[in-house]
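Quick notes on the structure that follows.
The values are calculated or read from the model by the stated rules, or taken from the named source; none is laboratory data. These numbers were taken from a predicted model, which means no experiment stands behind them. All Cβ positions, even for glycine, are placed from backbone atoms using ideal geometry, and neighbour counts span all protein chains on display. Please note that ligands, DNA and RNA were not included when accessible areas were found on the heavy atoms of the full protein model with its side chains. Shrake-Rupley method; radii C 1.70, N 1.55, O 1.52, S 1.80 Å.
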Amino acid sequence: MNRIAGRMTRRAALVGASVLPFAAAGSSRAQARFPERPIRLIIPWAAGGPADGGFRILAESTARKLGQPVVVDNKAGASGVLGAMALQDAKPGGYVISQMHMSVLRQPLLNPQLPYHPIKDLTYILQITGFVMGVVVRADAPWRTLPDLLAHARANPGKLNWGTLGIGSTQHLAMERVGMAQGLSWTHAPYRGTADTLRALLGGEIDFASEASGWAPMVMAGKLRLLAVFTAERAKRFPDAPTVRELDMDVVVDSPGGLIGPRGMDPAVVRVLADAFRAAAQEPGHLKFLDNMDQPLLLLDGPAYREAMARTLEEERELLRRLNLLPA
């Protein structure tokens, strides 16, 4: 029996060894064939904001590397989760991918009816960058500093209106943390994207905005005034604007973003996409864009990105609980 078992084991090993080269060749051919047609890249914000601009640069560069168009599809609304929702109906072939951001992680906590789990139902491809958040007002506003604005809000409860790109967005929660710490009452107005929020601010619909660095060109042009940033350090191009933490408020915002796909993607396809987007992210055109927006390059491969987001999900759950924003 032992000799027979030994012969069977050796035979199985020989058969397995003979199959391995073909399996490897098949995997290589599958990887080499991708992509065979255009790739659809969903950006879940309106065109014109900082997230849209950076990913359009990446799409153009990645298309050259892959030899197929990367077609940008803006799907604004629903607090930025329309990309993640679209991935639930997409085939996992790598031809439909989406920008990843913190609202994709957070919104299922705020709305249990959303049809996806932010970790289990997505494939994490590549973390790419983060965003600088700040508080801005019109250049003719009476507030020169964030403490000035907060003092006005305290003296005029419920009178100030402020905007972000959506309920439950990182910008929204950051400002809510400030308001709760200061005991303030004001009115939040959600918009479809950063560009819409800033247009509303310039048009006088709102008094201030808590937004990503799409405000940078307007601040530099003298149309808006930057009162403070939520990052741990001051923004390089705006050294006069203090961090919120410097103003004795313990609010620091790190908002990494990247690229996701449908659940169950072939790891070989994920590698092709990750390699192409990683290379594109380090090209001069994209690095210049990040520098202009004071955005850091935060490259992280898919598995590590997924692990980081799984940890962050639990941290966000606790934050929302403390802010009384979790549904009953």
Report summary line: With a Förster distance of 25 angstrom and the Cβ-Cβ distance between Lys223 and His188, calculated FRET efficiency to the nearest 0.05 equals 0.65
Report task. Run the numbers on the chain and let me know its relative contact order in percent, using alpha-carbon pairs under 8 Å that are six or more apart. Result -> 25
Report task. Measure of size requested: the Rg and Dmax of the chain, with Cα atoms as the atom set and Å as the unit; please supply both. Result -> 23.3, 92
Query raised in the report: Taking only protein heavy atoms and a 1.4 Å probe, what accessible area per residue, in Å², does the range 117-221 have with all protein chains in place?
Result: 36
Report summary line: Counting all Cα-Cα pairs in the range 187-328, those more than 28 Å apart amount in percent to 34
Requested in this report: Please work out how much length the chain gains when fully extended from Leu247 to Asp140, using 0.36 nm per residue of separation minus the C-alpha to C-alpha distance, in nm with one decimal.
Outcome: 36.3 nm
Report summary line: Taking the range 251-328, the equivalent ellipsoid from its C-alpha gyration tensor has semi-axes in Å, biggest first, of 28, 20, 9
Query raised in the report: To the nearest 500 deg cm²/dmol, what mean residue ellipticity at 222 nm is calculated for the chain from DSSP H runs of n ≥ 4 alone, each contributing -39,500 (n - 2.57), summed and divided by the residues?
Result: -14500 deg cm²/dmol
Query - Dipole of the chain, positive direction: furthest Cα of Gly179, Phe34, Leu109, with charges on the beta-carbon - result: Phe34
Query raised in the report: Which distance in nm do the two modelled labels at Asp73 and Asn156 give, with both placed 7 Å along the Cα-to-Cβ direction?
Result: 4.5
Query - Radius ratio Rg over Rh of the range 166-269, counting only Cα atoms, Kirkwood formula for Rh - result: 1.04
Query raised in the report: Share of the chain's accessible area from carbon and sulfur, percent, 1.4 Å?
Result: 54
**Report entry** Separation in nanometres of the label points that stand 7 Å from Cα toward Cβ, at Leu299 and Leu287
**Finding:** 1.0
**Report entry** Gain upon complete extension [Ala232, Lys91; 0.36 nm per residue less C-alpha separation]
**Finding:** 46.8 nm
Query raised in the report: If amide H atoms are built 1.01 Å from N in the plane of the peptide, which residues on other chains or at least 5 residues away come under 5 Å of the amide H of Thr243?
Result: Val229
Requested in this report: Take the Cα pairs of the range 51-157, get the Kirkwood Rh, then feed it into Stokes-Einstein at 37 °C and 0.692 mPa s and tell me D in µm²/s.
Outcome: 192
